[in-house]
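> Quick one: the structure is below, and I'll ask about it shortly.
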Amino acid sequence: MVAEPTDAGPAEDPAPAGDSPPAEPEAPAGSFNPEVPLHALPGAEAVDWVPLHPRFARRLQVGAFLRSVVYVAAAGGLHITVLVRNPGAFAAAAPWLPAFLWTLLATFSVWSVIWPLIAVPRRGYVVREKDLLYKSGVLWRSVKAFPFNRVQHTKLDSTPLDRRFGLAGLSVFPAGGGRGNRIRGLGQETAERLRAYISERIESGAGTAEGR
């Protein structure tokens, strides 16, 4: 018995040796955005925070003491004025009110002098190649980052009391306007050097952007 030939159609040409499927087009440069594993992220302990100037806490204490003196003098003058005009005003309405107000004022004055010793050690800053970090807060803590490529300009400021202690504040203003962020408690020389460094980084970033 002879098998009948079957119509298998035209034979396919074998693929030339060495040919491979066409490669997928490469993604344009800068569009690759790989994931970063959590264990590769830098920890907060990797940042070496720089404390504020040692005299900053004393400067805040002196300022709080001077304000307390003004408050006590104003409260004393008001108290004397009320007693002279109407000696029985407190005795008839609320005899406990003067003692309560004086206790409240004394507590506020003492606490405002003690508070800098608690708050200042928890503040600090870090200058890095591309940004400036600043931390603050005791109960509600915050860490702010100021990227140099987003900074428009900086400003130094100091009050007479700041200059008495050799201190200055540095304000950093973002590009496009907006409220600036101020770092107080810097030494005068440190603030000037930091301002010069940030200005240099701003100019170098602007020059790089124009050269592209």
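A short reminder: the numbers here are calculations on the coordinates, not readings from a lab. Everything quoted here is computed from the prediction, not taken from an experiment. Neighbour counts are summed over all protein chains in view; Cβ atoms, including those assigned to glycine, are modelled from backbone coordinates with ideal geometry.
> Taking the Cβ of each residue in T190, T103 as the centre, tally the other Cβ atoms inside 10 Å and list the residues starting with the fewest.
T103, T190
> At a 10 Å Cβ-Cβ cut-off, how would you order D48, D157, D162, fewest neighbours first?
D48, D157, D162
> In whole angstrom, note down how far apart the Cα centers of the range 51-67 and the range 121-144 are.
So the two Cα centres are separated by 19 Å.
> A follow-up question, please. At a Förster radius of 30 Å, what calculated FRET efficiency corresponds to the Cβ-Cβ distance of Y71 and N181, to the nearest 0.05?
According to the calculation, E is roughly 0.55.
> Counting other beta carbons within 10 Å of each residue's own, what order do E192, E129 fall into, fewest first?
E129, E192
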